[in-house]
Amino acid sequence: MSEISTEIGKRIRSLRKSRKMTLQDLAEMISKSKATISKYEKGEITVDIETLYDIAAALQVHVEQLLYTSPERTVLATKGSNPAFFS
């Protein structure tokens, strides 16, 4: 799957484990199967936005904590600089 799905899955797994939740616990909380949660965590399937919000709520985190932006997609702005369309 994509790098984004893989990284989001890693974050889900890490947060789930840090809360000492099993796959079954999380699956029951968001009404998905244990197999589906496993596939999300491995990046085998993409998490839809509604499910991402459900997972964030179940893990008691902001949805932004689950998202991933690759370094190539991150735009760094320097102080005082504006994109060309603002000039």
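Every number here is computed from the coordinates shown, using simple stated rules; none is lab data. Quick caveat, the model's predicted, so the values are computed rather than measured. Heads up, the Cβs are rebuilt from the backbone with ideal geometry, glycines too, and the neighbour counts pull from every protein chain shown.
Odds and ends about this structure:
- A simple packing score, the average count of other Cβ atoms within 10 Å per residue, orders the peptides 21-29, 46-54, 34-42 as 34-42, 21-29, 46-54, with the highest score first.
- Per-residue extension of 0.36 nm, minus the Cα-Cα distance of residue 4 and residue 24, leaves a gain of 4.8 nm for this segment.
- Label-to-label distance, residue 65 versus residue 31, with points set 7 angstrom from Cα along the beta-carbon direction: 2.4 nm.
- Bridging of residue 10 to lysines at a Cα separation below 17 Å is possible for 20, 34, 39, 42, once same-chain residues fewer than 8 apart are set aside.
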